[in-house]
Amino acid sequence: MDFLPENEEPKKKKGGFNSYWLFAIIIVGLLATQFFSLNFQVKNIDEDYFFSKLLPTGDVEKITIVNKDQVEVYLNLDSLKTKKQYADIKLTKLKSLNKGPHYAFEVISIENFQQKLDAAQKDIPYDHRIKRTIEYRKGILDIIGWILPFVLLIGIWMFLMRKATGGMGGAGGQIFNIGKSKANLYDKDVKVNVTFDDVAGLDEAKEEVKEVVDFLKNPKKYTALGAKIPKGVLLVGPPGTGKTLLAKAMAGEAQVPFFSISGSDFVEMFVGVGASRVRDLFKQAREKAPCIIFIDEIDAVGRARGKNIMQSNDERESTLNQLLVEMDGFSGDKGIIMLAATNRPDVLDSALLRPGRFDRQISIDKPDQKGREQIFKVHLKTLTKLGPDVTPEKLASLTPGFAGAEIANVCNEAALVAARKEKTQVEVEDFNEAIDRSIGGLEKKNKIISPQEKEIIAFHEAGHAICGWYLEHAHPLLKVTIIPRGIAALGYAQYLPKEQYLYRTEQLMDEICMTLGGRAAEEIIFEKISTGAQNDLQRITQLAYAMVTVYGMNDKVGNVSFYDPQQDTTFTKPYSDETAKVIDDEVRKLIDTAYQRTLNLLTEKKEQLTTIAKALLEKEILFKSDLEDLIGKRAFDEEPLPVSIN
Ligand code: ADP
Ligand code: ZN
């Protein structure tokens, strides 16, 4: 129940291998060995018990002495069955299992024991004496019985490791190939057929990399003049904005092989694997030069070294060191260009960014209206039949905050939606459904929500909408819906984020108030609150803490910023306990003030709140124009939307 998470994309899980399985299998294995050993259940006694209680009865059939310090006692089966004394020894239907040993005890000196036994036997009647004593060392079979479970476990572990590291190398010898790089090689024969035309928007970025492409095509022109070409280019931007696509297009334009690997592939469970992968990757690349090496998610290996003692990671550091060594090892004129992508350049080790390494940075942002238009143009090409009113401009205005990958996905989804409805062309409403699905997951038509709950949700979302409407600095609303989607969202309001990089205190305050609008509406109308606001509260807590400790927006705490991306502040706080207390108090105060303000606003606008909620219950989805019809135009100036919606 909150508004569109703008720049959060769930992190894709790579490989899909879960180490919990490993534990589960080990536990099952241990239980299994336990189970099998049940059959050999032996009662432990001591020497005295043997001489006083067992030997005189004459029930002992034989004893065996194992490894010179353990005595195992076998009773005869008839006495076992008949005598009460042995009732606690479980007998099974399988006769062979009952043959013992039934008791065991340890002796310190086997010679002593034997003397004692001889003496004791003299005092008991002949046919009560033990007829057989066998002495032996633990045989090979027992040792196998011991080792087998371990061998099995190690075998399972190796099997899983092999799965985890993916199917590299030929069948069979995979385990020995672990150090080989997994870089996907697009060889010259298998041409990368992506060109700059496939990359929409990103004009500046394309301009910047053109020089590199030209160098790859024609290195002599540059080397003859002694020019040094950058070895490494870092592409910085959020996921799905086309970093991989741009790198591929560079290889496609230059007609050179393209090696791509993800930073997380370097970081393996085996020590030393990462480093050897790096070595192997560069070896392959040198053979194929000129070429492009692309490392996705370089922050997985490139995080700053040794900052945090609690979480030092030798494996990652040795991988990073190897990467640095290799990068220094080739000079630019070899024709190997390194590209890397990351969303967090601030956490990268500064050694990576030094001249001669990734010394060029190109930032790739989420596309604006124009950019989205161009991306839609590219991806609409694949759809053959479009409705007459489907234009890239219109679609772009419906998808604020979307990245290229999401746009590509929306185009495909829209076609699927249209096909499901047996349509002959893809229309705007299909795109709308695809967009909703992309934001909130699948529509849950059959999710049963009681009327009471539906009412709460409607008022909650209406609360957000009203706050956005009457607070000057809040984002203008695009639409609000109470159609349940996905697992978490029971409804959401989508806003049109302003293209803005600096925020003033009032703007952040308004944002907090708007986010609190859901809960405040619930409290005003129902005088009760629900769990539906958890997500909202999480967001404002984060924002409020950032205002106080990062942006220096609090008088008491002052103009300080405790932000250090390379330091994990869980263990070492860069401020005193007193400051921590002040921070907590101020954050609380800030949120309380904002909540009170929201309550006041919504109490004042209770009538409009009810109108919107009722309309939502009826129509389930409201657009900006509907709101204007219901409660009048928004009082504040807005940049006019490029295209009006519906
Ligand atoms: P990143 O590497 O930044 O996470 P990708 O390059 O893997 O993103 O993008 C994924 C997909 O999204 C691409 O294959 C392409 O279909 C689409 N896409 C992303 N950005 C663009 C763009 N600028 N132009 C066209 N398609 C794009
Ligand atoms: Zn909410």
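Key figures
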item	result
Residue within segment 428-441 that is free of Cβ contacts under 8 Å to residues at least 60 places away in the same chain, away from ligand 1 (no atom under 16 Å from the Cβ) and either part of a loop (DSSP other than H, G, I, E, B) or open to solvent by 70 Å² or more (accessible area, probe 1.4 Å) (or both) present	yes
Some residue of segment 72-80 being farther than 21 Å from ILE134 by Cα and open to solvent by 40 Å² or more (accessible area, probe 1.4 Å)	yes
Contacts under 7 angstrom Cβ, first residue in segment 615-644 being acidic (Asp, Glu), partner modelled with pLDDT under 85, 6 or more apart	GLU620/THR481; GLU620/ILE482; GLU620/ILE483; GLU638/PRO476
Members of segment 387-441 that are among the polar types (S, T, N, Q), under 19 Å from GLY240 (Cα atoms) and modelled with pLDDT of 90 or more	ASN409, ASN412
Subset of segment 405-424 that is in a helix (DSSP H, G or I) and of a type in the set (Val, Ile, Thr) - its residue that is surrounded by the most Cβ atoms within 10 Å (Cβ to Cβ)	ILE407
Test for LEU323: is it within 30 Å of LEU281 (Cβ to Cβ) and either among the charged types (D, E, K, R) or crowded, with 19+ Cβ neighbours inside 10 Å (or both)	yes
Enumerated helices (runs of 4 or more DSSP H) restricted to segment 243-298, each holding at least 3 residues that are of a type outside the set (S, T, N, Q) and open to solvent by 10 Å² or more (accessible area, probe 1.4 Å)	243-254, 273-288
Pairs with Cβ under 7 Å, 6+ apart, first in segment 362-387 and touching a residue at least 60 places away in the same chain (Cβ under 8 Å), second near ligand 1 (Cβ under 10 Å from one of its atoms) and open to solvent by 60 Å² or more (accessible area, probe 1.4 Å)	VAL378/ASP198
Index of the failed condition, VAL480 passing every other in (1) at pLDDT 80 or above; (2) part of a helix (DSSP H, G or I); (3) within 15 Å of ligand 2 (Cβ to nearest atom)	(2)
Residues (away from ligand 1 (no atom under 14 Å from the Cβ), charged (D, E, K, R) and in a loop (DSSP other than H, G, I, E, B)) located in segment 364-404	LYS385, ASP389
Selection within segment 218-233 - open to solvent by 30 Å² or more (accessible area, probe 1.4 Å) and outside any loop (DSSP other than H, G, I, E, B)	PRO219, LYS220, LYS221, TYR222, THR223
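One line per residue, one yes/no per condition, for (1) modelled with pLDDT under 80; (2) closer than 17 Å to TYR49 by Cα:
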residue: GLU61; (1), (2): no, yes
residue: VAL73; (1), (2): no, yes
residue: LYS81; (1), (2): yes, no
residue: LYS84; (1), (2): yes, yes
residue: LEU94; (1), (2): yes, no
residue: LEU97; (1), (2): yes, no
residue: HIS102; (1), (2): no, yes
residue: VAL107; (1), (2): no, yes
residue: GLN114; (1), (2): no, yes
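The values are calculated or read from the model by the stated rules, or taken from the named source; none is laboratory data. Being a predicted model, the structure only gives us computed values, none of them experimental. In this analysis, Cβ positions are derived from the backbone assuming ideal geometry, glycine residues included, and neighbour counts consider all displayed protein chains. Keep in mind that these areas ignore ligands, DNA and RNA; they rest on the heavy atoms of the full protein, side chains included. Shrake-Rupley method; radii C 1.70, N 1.55, O 1.52, S 1.80 Å.
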